[in-house]
Amino acid sequence: KNEVEQSPQNLTAQEGEFITINCSYSVGISALHWLQQHPGGGIVSLFMLSSGKKKHGRLIATINIQEKHSSLHITASHPRDSAVYICAVTNTGNQFYFGTGTSLTVIP
Amino acid sequence: KAGVTQTPRYLIKTRGQQVTLSCSPISGHRSVSWYQQTPGQGLQFLFEYFSETQRNKGNFPGRFSGRQFSNSRSEMNVSTLELGDSALYLCASSLRDAGQETQYFGPGTRLLVL
């Protein structure tokens with residue numbers, strides 16, 4: 001069993017739709033990271049959070065520590081949001097665990 | 001500020017050889033982490049260096065090693081390459097603590113082992 005589970009694995013949306021990607025984890029964590037990877041491999045760190053909610057532009061990340069669950073929301077999705085979104089957690093020993101990623105395609 | 005740079009970007013080696021990859025962090029960043037990404041296993045944490053010391057290590061065999069220099073630049077070495085080592089190797093830097101801060105990723109080195 002993976003320490004970090006993401007859903008869905010693949011997601012296709014129409015431009016403008018509201019998108020939610022979910023992440024559940026089974027280990028005690030000190031932080032959770034959301035990463036974005038575009039074709040070609042480059043990775044960008046979107047959020048690092050340990051509680052509550054963070055917002056950056058059209059992106060919102062939430063975490064519920066009690067339920068061991070985080071969500072990444074994209075409002076007013078755009079084709080340039082097409083990428084793989086990866087959830088990662090660091091446990092109290094600073095070990096990293098990664099989800100397998102959610103491949104998002106936004107169609108114009 | 002210049003971003004994280006990795007060299008080389010692409011590399012082809014044969015089984016049994018060894019390889020050294022280099023990572024230059026963002027100026028002022030003292031933590032450098034290395035990751036392996038494969039289609040089958042996804043992203044996996046290799047190790048983190050801070051102030052020339054390995055602070056954390058993932059679950060990889062001893063063939064994978066690294067070091068960090070006084071200017072925070074880091075190298076990772078893989079000895080006795082196996083076909084399964086073919087992967088994208090990414091490094092990331094952060095100010096002090098990879099787990100607790102935003103990390104900035106380099107473009108990666110794509111290694112092919114034949």
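The values are calculated or read from the model by the stated rules, or taken from the named source; none is laboratory data. Computed from a prediction, not measured in an experiment: that's the story for all the values here. Positions of Cβ are generated from backbone atoms using ideal geometry, with glycine treated the same way; all protein chains shown enter the neighbour counts.
Within the stretch B:1-47, take every residue that is more than 22 Å from B:Ser94 (Cβ to Cβ) and aliphatic (A, V, I, L, M) and give me the one that is nearest to the chain's Cα centre (by Cα).
Restricting to residues being more than 22 Å from B:Ser94 (Cβ to Cβ) and aliphatic (A, V, I, L, M), the top hit is B:Val19.
I'm told B:Ser24 meets every condition in (1) surrounded by fewer than 20 Cβ atoms within 10 Å (Cβ to Cβ); (2) at pLDDT 95 or above except one. Can you identify the failing condition by its number?
(1)
Taking the conditions exactly as written (in a loop (DSSP other than H, G, I, E, B), closer than 23 Å to A:Pro108 by Cα and within 11 Å of chain B (Cβ to nearest Cβ)), does A:Gly16 satisfy them or not?
No.
List the number of the failed condition for A:Arg80; all other conditions in (1) surrounded by fewer than 16 Cβ atoms within 10 Å (Cβ to Cβ); (2) in a strand (DSSP E or B) hold.
It fails just one condition, (2).
Return the residues of the stretch B:35-69 that are away from chain A (no Cβ under 11 Å), of a type in the set (Phe, Trp, Tyr) and either surrounded by 15 or more Cβ atoms within 10 Å (Cβ to Cβ) or in a strand (DSSP E or B) (or both); say none if nothing qualifies.
Once the filter is applied, which keeps residues that are away from chain A (no Cβ under 11 Å), of a type in the set (Phe, Trp, Tyr) and either surrounded by 15 or more Cβ atoms within 10 Å (Cβ to Cβ) or in a strand (DSSP E or B) (or both), the stretch B:35-69 yields B:Tyr49, B:Phe60, B:Phe64.
Can you find, within the stretch B:95-108, the residue that is modelled with the highest pLDDT among those that are crowded, with 24+ Cβ neighbours inside 10 Å and under 17 Å from A:Ile29 (Cβ atoms)?
B:Gln103
Given A:Ser30, A:Ser77, A:Ser50, which one is without any contact (Cβ under 8 Å) to a residue 40 or more places away in the chain and over 10 Å from the mean Cα position of the chain (by Cα)?
Within the list A:Ser30, A:Ser77, A:Ser50, the selection yields A:Ser50.
In the stretch B:87-102, what residues are of a type in the set (D, E, K, R) and facing another protein chain (nearest Cβ under 7 Å)?
B:Glu101
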